[in-house]
Structure formats: C-alpha cells, structure tokens
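The values are calculated or read from the model by the stated rules, or taken from the named source; none is laboratory data. The structure presented is a predicted model; accordingly, all values stated were derived computationally and were not measured. Note: ideal-geometry Cβ built from the backbone for every residue, glycine included; neighbour counts use all protein chains shown.
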C-alpha cells in the first residue's frame with residue numbers, strides 16, 4: 001500500500017444558504033488539515049462568496065458556485081470530480097453545519113492506513129456530537145427488529161459499521177472509481193446511506209474512528225413531544241418529502257439490505273404520525289410526506305416538485 005498523507009486529501013464542502021461566519025470558520029478549520037479545500041455552493045444568496053473564493057484560491061482550492069440548487073449528492077460529485085482532476089487520492093466530505101476538531105483528518109488517515117492492510121475499506125468517519133445532545137452519536141450496524149448502536153469505549157477503537165453520515169467521511173478516490181459517485185437522483189436525503197449500502201454490497205467495509213471527533217448539527221431543530229414524551233429531531237416539510245420518497249427508492253435497489261427494509265417500514269408510519277399529528281405544521285407536513293411516498297412508489301427522482309413547494 002502506498003503511503004498517504006494529508007496533502008493527498010481534498011476536503012469537499014457543500015453549502016446552501018450558509019451562515020457566512022460559520023462557513024468561513026469551517027474553511028479555516030480545514031485548510032491546515034488537508035491539501036486543498038473545495039467549496040461547492042448551491043446558488044446561495046449574499047456577498048460572502050467573493051472573500052471565501054479568494055481565500056480558497058490562495059491555498060490551492062476553489063469555490064465552485066452552481067447556477068441553481070443541484071442538491072447535496074450532485075454537489076458532492078462536483079467536488080469529487082475537482083479533486084480527481086487535481087490528482088488527490090482521498091476526499092473528505094463535509095456539510096456546512098459541521099465543526100471538525102483539530103487533528104480529525106490525521107486520525108482518519110491513520111485509521112485508514114491501519115485498516116486497509118487487512119481489507120477493502122470504503123470509508124472511515126469520525127464520531128460526532130450534536131451540541132444540543134449530551135453524548136456522542138453511535139455508529140450503527142443494521143439488525144432486526146432494531147439496529148445495533150455502538151458507542152466508543154476508548155479513543156483507540158475503530159468500529160465496523162454499515163453506514164456513515166457523509167459529513168466527515170474520508171473516502172479514497174480509487175473506491176469512488178469502483179463503487180461509483182453519490183446518487184444525484186436522491187438529491188439530499190439518504191445519500192450517505194445508499195452509497196454505504198452500495199459499497200458494502202461490493203465487499204468493502206466502513207469504519208467509525210473513535211480518535212477522530214467532530215461536532216455536527218442534525219435536523220433543523222429539537223421539539224418537545226406532548227405529555228412529556230421527550231424530544232425529537234424536527235425537519236422542514238421539504239426535507240420530510242425527501243425522507244419519505246428516498247426511503248421508498250432505496251427499498252427498490254438490489255444492494256439495500258432486506259433487513260434494513262424490514263425494520264425501516266414501521267418508521268414510515270411513525271413519521272406520518274409524529275409529523276402529521278403531533279408536530280406542526282401538521283397539514284403541510286402531511287401533504288409533503290404523502291407526496292413523497294407517492295413519488296417514491298412511482299420512482300420519481302431529483303428535486304422536490306415545484307408545484308408542491310408553490311402550494312406552501
């Protein structure tokens with residue numbers, strides 16, 4: 001195996017209407033850790049792009065502004081193609097709402113070097129914590145009737161898992177050449193899940209790296225359920241459309257584990273009840289979710305339909 005360093009890694013950040021201060025902070029965090037940073041922006045408004053683009057270009061990276069919102073997956077592919085054209089060997093995918101800790105990339109690369117000696121590794125990812133939570137998120141193995149949640153016991157662990165969230169995932173370009181790019185037809189939701197399932201079906205492994213740490217924001221907000229039943233992650237109606245549609249699209253794919261489908265089906269009913277009955281805006285949530293299910297059954301891909309968004 002050829003030795004790989006941080007200079008061989010390109011960070012690919014995807015943004016859409018980001019907080020200018022937060023995106024500048026993320027770029028600043030990443031530049032010392034990788035060979036270059038490329039920011040793919042999905043037609044965001046504002047005047048912040050000029051300063052960020054100049055900063056990136058001065059450090060060997062680029063701002064790749066898109067004329068319209070092409071979605072998370074397609075934007076990731078744009079950044080991956082840029083990294084490939086500039087002879088990088090790894091990409092590090094990042095969302096705009098992530099805060100990687102110093103040394104995260106070095107820890108991921110070290111784990112990848114060690115793990116790759118024994119097998120085909122598709123990706124490694126950090127453990128992360130939502131600042132609104134009080135503990136790290138677990139890594140996951142698919143099981144029935146419930147997934148197995150695996151937490152880090154020590155900083156030296158690497159935990160085999162069945163999927164990684166895309167933000168923080170370190171992926172060799174050679175693996176992307178073999179497994180294929182992100183599925184642009186999914187647009188935003190379950191993109192990481194689908195790619196992980198596809199890689200696993202080809203015999204690759206994925207691993208969570210406990211020595212690599214990151215903060216990451218999941219969902220738009222937290223909402224307290226009625227009758228003191230705890231809190232849930234809340235997404236806006238358009239995101240609920242993608243969540244419902246894309247899970248049905250994944251059900252149809254040959255590389256999606258049947259076990260995952262079996263234990264995911266009850267979540268469809270649970271989300272319809274939660275966001276159509278308990279959590280508002282109920283009618284708007286329900287309209288988006290039902291349209292998502294219909295489009296998933298029909299195999300519709302791409303962006304949320306304009307006519308649905310226009311109705312509010």
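Of note:
- The lone exception for residue 99 - which of (1) surrounded by fewer than 20 Cβ atoms within 10 Å (Cβ to Cβ); (2) assigned to a strand (DSSP E or B); (3) in contact with a helix residue (DSSP H, G or I) (Cβ under 6 Å, 6 or more places away or on another chain) it fails: (3)
- Scan of segment 254-287 for residues that are in contact (Cβ under 8 Å) with a residue 60 or more places away in the chain and assigned to a helix (DSSP H, G or I), ordered by number: 259, 260, 262, 263
- Qualifying residue in segment 151-163 (condition: surrounded by fewer than 18 Cβ atoms within 10 Å (Cβ to Cβ) and at positive phi): no
- Filter pass, residue 294 being part of a helix (DSSP H, G or I), under 27 Å from residue 142 (Cβ atoms) and free of Cβ contacts under 8 Å to residues at least 24 places away in the same chain: yes
- All of (1) farther than 26 Å from residue 147 by Cβ; (2) modelled with pLDDT under 95 hold for residue 294 with one exception: (2).
- Restricting attention to segment 72-96, the residues being in contact (Cβ under 8 Å) with a residue 60 or more places away in the chain and surrounded by fewer than 19 Cβ atoms within 10 Å (Cβ to Cβ) number 3.
- For the criterion of being loosely packed, with under 14 Cβ neighbours inside 10 Å and assigned by TED's automatic domain parsing to the domain that holds residue 83, residue 174 passes.
- Candidates 57, 24, filtered to the one that is more than 18 Å from residue 169 (Cα to Cα) and without any contact (Cβ under 8 Å) to a residue 12 or more places away in the chain: 57
Per-residue answers, yes or no, for (1) more than 18 Å from residue 190 (Cα to Cα); (2) more than 22 Å from the chain's Cα centre (by Cα); (3) surrounded by 12 or more Cβ atoms within 10 Å (Cβ to Cβ); (4) not assigned by TED's automatic domain parsing to the domain that holds residue 189:
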| position | (1), (2), (3), (4) |
| --- | --- |
| 254 | no, no, no, yes |
| 261 | no, no, yes, yes |
| 270 | no, yes, no, yes |
| 279 | yes, yes, yes, yes |
| 283 | yes, yes, no, yes |
| 286 | yes, yes, yes, yes |
| 293 | no, no, yes, yes |
| 304 | no, no, yes, yes |
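- Those residues of segment 28-52 which are within 21 Å of residue 84 (Cβ to Cβ) and either in a helix (DSSP H, G or I) or not assigned by TED's automatic domain parsing to the domain that holds residue 166 (or both), in sequence order: 30
- Qualifying residues in segment 105-144 (those that are in contact with a helix residue (DSSP H, G or I) (Cβ under 9 Å, 6 or more places away or on another chain) and assigned to a helix (DSSP H, G or I)) - the one surrounded by the fewest Cβ atoms within 10 Å (Cβ to Cβ): 106
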